Each structure stands twice: as structure tokens, then as C-alpha cells.
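The values are calculated or read from the model by the stated rules, or taken from the named source; none is laboratory data. Here the structure is a predicted model, which is why all the values come from computation and not from measurement. Cβ placement follows ideal geometry from the backbone for every residue including glycine, while neighbour counts extend to all protein chains displayed. We work out accessible area using only protein heavy atoms, side chains counted, and drop any ligands, DNA or RNA first. Shrake-Rupley method; radii C 1.70, N 1.55, O 1.52, S 1.80 Å.
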Amino acid sequence: MALKRQQCLDKRLAREPELAKCLHEKILDYKAKGYIRKLSTQEEVMRMERSWYLPIFHVVNPNKPGKLRIVWDAAAKVGRVSLNSFLLKGPDQVTPLPDVLQRFREYRVAVSGDIREMFHQVRINSEDQHCKRFLWNDGNPGNNSTTYVMQVMTFGASCSPSSAQYVKNLNAGRFKHQFPETVEAICKGTYVDDMLCNVESEGEAVKLAQDVRSIHAEGGFEIRGWLSNSKKVVDAMGECIFFQKDLNKSSELATEKVLGMWCDTISDTLTFKIPKRCRQQLLSGEEAPTKREVLRILMSVYDPLGLLANMLMFLKVLLQDIWRSNIGWDEPIAGQQLSKWRTWLSVLNKEKASVPRCYRTITTSSSVIQLHVFVDASENGYAAVAYFRYEEGDSIECAFVAAKTRVAPLKYVSIPRLELQAAVIRMRLAKAVSSIAIPVFQYRNGFSGLIQEMSFVGCAQITGSTASLLVHGLEKF
């Protein structure tokens, strides 16, 4: 199987010499770093207790031109069996992405970095390395392939994500008593290999970044690509050139990607962009989209916190309307649906969506913090929106935290039941937000439609017993 896959790869490399050159350079780089090792003739013919051959292929990221990554296909099967069939996936030790992003908005000075080739920094026991053999022709398509083994963890193995996170946290845990805040930033502020943390002052940020780098170095990890809204922090980490690109007046160059979202380091805001792979004829309104294209555009907008919920909810309702019409996946929409699509495009083109990265500008730590969650429902759907309210003397600030939206089911549901379902997602959202970042809140909850149904006026103070009644009330509707 691996030999046939290698022959197919050789044919492609023969047609694309530039790709062959890049792949060969990548293999040589891995060999120089000790990630892979070429087997001797004696080792190649030696019968091992456990051995497996992995086919390889490459992947590229359109957002990172010129960067090529090799994947060892541990899911490739022979007789319904693959290497992944014998590997335990392990527990999910990755910090949830919404949690990381919400913590990233707490304080005024932000710092981010990523671990270089994280999976490849975790070595494999020598007796297990022959389970990750692969064939390579040394950069000469058509020549006989020789056998290599991976000496480190690979992309494609089902155990790699859990094992890498375990090793990262295990290494950080050794310094828990010496650097408690730094260890917490590593364990709770890292999503896979991207670290996002924030502190109140530039001095704290420099110390935190330096401590993170030294702790990772103790475990063989190298964190680089430092990004911050403070020039002092990036200069201290020795990445002046990287920050100078952010200071360019061009908005494209001033915006860097942070876990798929876009962070403008000059204005310190989170921004959003429609992916370039979406056809411009559709976004300009020149062509009518098909049902498939509407769904593709909706799902291509990366918004884990619901910061674009007001714009995406309109598109969700439109997609449900298109679904009710029973048109095919590749049929263009028309009539009222096309009119609604163009209305959404007009709003999309007029408004530049951006949200301040930091929740507040108030600098003192004695401010009163409140969490306000509002919900509402209609025949089209229901939603919950969370805000922080900061009060310090005469200064009051409000910050948009997160939102959750749901379209109404295709089967008819009464408005009172939808209101109660909105109350349920409100409680889940409030619990998620309050358990992540700020330790103390005073809860007040505004219900617009639901309060009228309950004959209350103004904002309602929802206690635990009342909230419980709201949940159990779903069973009565």
C-alpha cells in the first residue's frame, strides 16, 4: 500500500518539479533536525516485532503561501486495518477555544506566540519508531525508494494531539510552585500550539513572555512568532521586524491572524474577513448563489464567540427559508430569497465588523463588574447576548462578551416555548462566561419578551429557584 502511494506521489513530483524540490528540502530539513532517520540495509531487512509503513502526502494552507507540511497517513488501511486502529486517541486535553479567546480579552496588554513544530518536539521510544516507517526516493522521482523511520510524533497519528498536550502541560507543571501564573497561562491560555495571554501592564507582559519561553525551552519546545499590541513587549522578545510589519499603514499588513480570527494590533481590535476562496461575483451581488454556496459562505465565517451573531443570524434564517423551498443544492436562488440575500450583502459591505479586544479601558482593579445576559425569541429563532458592565466612580463601560443564536425548528413551535428555550441557552451562556474569567459578578438579567409574558416590568433578578422553574417549564409547553 505504501509503495503504491509512493509511486503515485512520484508521478506527481515528476510533473511538478517545484513541488518535488520543496518536498525534498523539507525531508532534508527533518533529517538535519533529527526528526527522521534513514535505515541501514541491515535494519531494513531485519524482522521487527512491530513495524508499519506509512504513506506520506503534503498539505498547504492558502493563508500561508510557500509553507508546506508533510502528513504521515496513519489512517491508511490494509485489510481494514490502519496504524490508527491500534493507537488510543487519549483524552481531549486541549483547552476549549471559546475559553481561550474570552481569557484573551480580560486585560489591556495582549501577548501571543506559537510553538514551533510542536508535534515534532515529542520523541518516540526507539522500540516504537519502526511502527512509523515510510518510503522516500531521496528527491529523485522514479528511483528506488529507501526506508526511513520517524523518531518524533507526526501529524496524522490519532494519539499525537493528546500526547503533545500532555507533554506540554507535564513540562509546565514542574514549575508550578516557582511560576504559578506562567504555568496557568501555558495550560489554560494555549490552544494546541498557539498561546494567547494578557496582563495589565507592559512590564508584566515582558516577564510573562520571557518566563513562558524559558519554561518551554526546558521541555524542548521553542515558542516564537510573538505578537502584541505593545511595541515594548515585542522588542523585548527580539522580534522587532515582526512588529514593524504590523505598524504598516496598510490595514492588511497591520492585521495578524489569531486562532483563525484577525487581530489588529494597532487598534487592538478583533476583526473579521470573508475568506478569499469565496467568489467575488457572489459577494458583489452580480450572480445569484446556489443553496450550496450560501451554506459555504455561512460556514466559512469563523466566529466562535458569536461576535457576528447579529449578521450571521439573518443568513441562517435565509438558509432555512431556502431549505423549505426544496430547491436543489446547485440551483440558484430567486425571488424573495434573492432579494434577502442582496439585503444581507448590502449590510455586509457597509459595516466593518470589529470588536475591542480588551473588555475595558478602566485601569483600576476596584471597579464593580456585572454580567448582563439578554434573551429574546421570535417565530424565526431565539438568541442570548452577554455583556460585561464595569463601574468605577462616575465611569461606566459596557463590553460585548459573547452571543448564541438558534433558528426556530422547521416544525412549528409556539412563541412561549421558544422564549423558554432562549432562557435555557441564556443560563448556559452565563454559566460558561462566569466560570472562565472574572471571579466575581453581580448577576442581572434582562428579558424583553419573556418578562412581558410573566407580567414583570423592567429587568428581572433571576434567582436559582426561578431559573430552575424556567428550565422545567419547557416540559409543560
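Amide hydrogen proximity for W262: with H placed 1.01 Å from N in the peptide plane, the residues at 5 or more positions away or on another chain lying under 5 Å are T271.
Leaving out ligands, DNA and RNA, and with a 1.4 Å probe, what % of the accessible surface on region 70-136 is carbon or sulfur?
Working: 1600 of 3030 Å².
The nonpolar share, carbon plus sulfur, comes to 53 percent.
The residues neighbouring P332, those whose beta-carbon lies less than 10 Å from its own, together hold a net charge of -3 under the Lys/Arg +1, Asp/Glu -1 convention. Pair-distance distribution of region 157-240: all C-alpha pairs, bin width 5 Å, starting at 0; shares per bin in whole percent are 3, 14, 26, 25, 17, 9, 4, 1, 0.
Do the alpha carbons of any pairs in K232/K352; K316/K352; K89/K132 sit beyond 26 Å of each other, and which pairs?
Going by Cα-Cα distance, K232/K352 fall outside the 26 Å limit.
Protection proxy ranking, highest mean first, for peptides 281-293, 405-417, 224-236: 224-236, 281-293, 405-417, where packing is the per-residue count of other beta-carbon atoms within 10 Å, averaged.
Under a 1.4 Å probe, what is the accessible area of region 304-360 per residue, stated in Å²? Show your work: numbers first, answer last.
On the way: 3020 Å² over 57 residues.
Counting only protein heavy atoms, the per-residue value for region 304-360 is 53 Å².
Across q = 0.11, 0.15, 0.20, 0.24 Å⁻¹, region 1-65 modelled as identical point scatterers on its alpha-carbon atoms has Debye log10 I(q)/I(0) values of -0.36, -0.66, -1.07, -1.27, in the order of the q list. The residues of region 192-242 present an accessible area of 42 Å² per residue when probed at 1.4 Å with all protein chains retained.
With both labels modelled 7 Å from their Cα along Cα-to-Cβ, the N140 to F155 distance reads 2.8 nm.
The simple spin-label model puts a point 7 Å past each Cα toward its Cβ; for L170 and M48 those points are separated by 2.1 nm.
Using a probe of 1.4 Å on the protein chains alone, the accessible area found for W341 is around 0 Å².
Could you tell me which of the pairs K31/K207; K33/K231; K340/K404 are separated by over 28 angstrom between their Cα atoms in the structure shown? Let's see the in-between values first.
Details: K31/K207 35 Å; K33/K231 32 Å; K340/K404 22 Å.
Over 28 Å apart, Cα to Cα: K31/K207; K33/K231.
Derived scalar couplings between HN and Hα for region 291-307 equal 4, 5, 6, 4, 5, 4, 5, 4, 7, 7, 7, 8, 8, x, 9, x, 6 Hz in order, rounded to whole Hz, by the Karplus curve 6.51 cos²θ - 1.76 cosθ + 1.60 (θ = phi - 60°), x for Gly and Pro.
Entry note: region 314-367 has Rg to Rh equal to 1.33, where both radii use alpha-carbon atoms and Rh is the Kirkwood radius. Qualifying GluC sites (Glu not before Pro) in region 9-78, where qualification requires a DSSP coil assignment and no more than 16 other C-beta atoms within 10 Å, comprise E49. The residues packed around A408, meaning those with a beta-carbon under 13 Å from its beta-carbon, carry a net charge of +1 if Lys and Arg are +1 and Asp and Glu are -1.
Under the combined filter of DSSP loop state and at most 11 neighbouring Cβ atoms within 10 Å, region 153-187 retains none of its chymotrypsin sites (Phe, Trp or Tyr not before Pro).
Once the 1.4 Å probe is applied to the protein heavy atoms, region 41-179 comes out at 53 Å² accessible per residue. Semi-axis lengths, largest first, of the ellipsoid equivalent to region 270-403 are 36, 17, 11 Å, with √(5λ) applied to each eigenvalue of the Cα gyration tensor.
More than 17 Å apart: what percent of Cα pairs in region 69-203 qualify?
Values: 6128 of 9045 pairs.
Tail of the P(r) past 17 Å holds 68 percent of the pairs.
Roughly speaking, to the nearest percent, how much of region 312-384's 1.4 Å accessible area is carbon and sulfur? Walk me through the numbers on the way to the answer.
On the way: 2090 of 3900 Å².
Carbon with sulfur: 53 percent of the solvent-accessible area.
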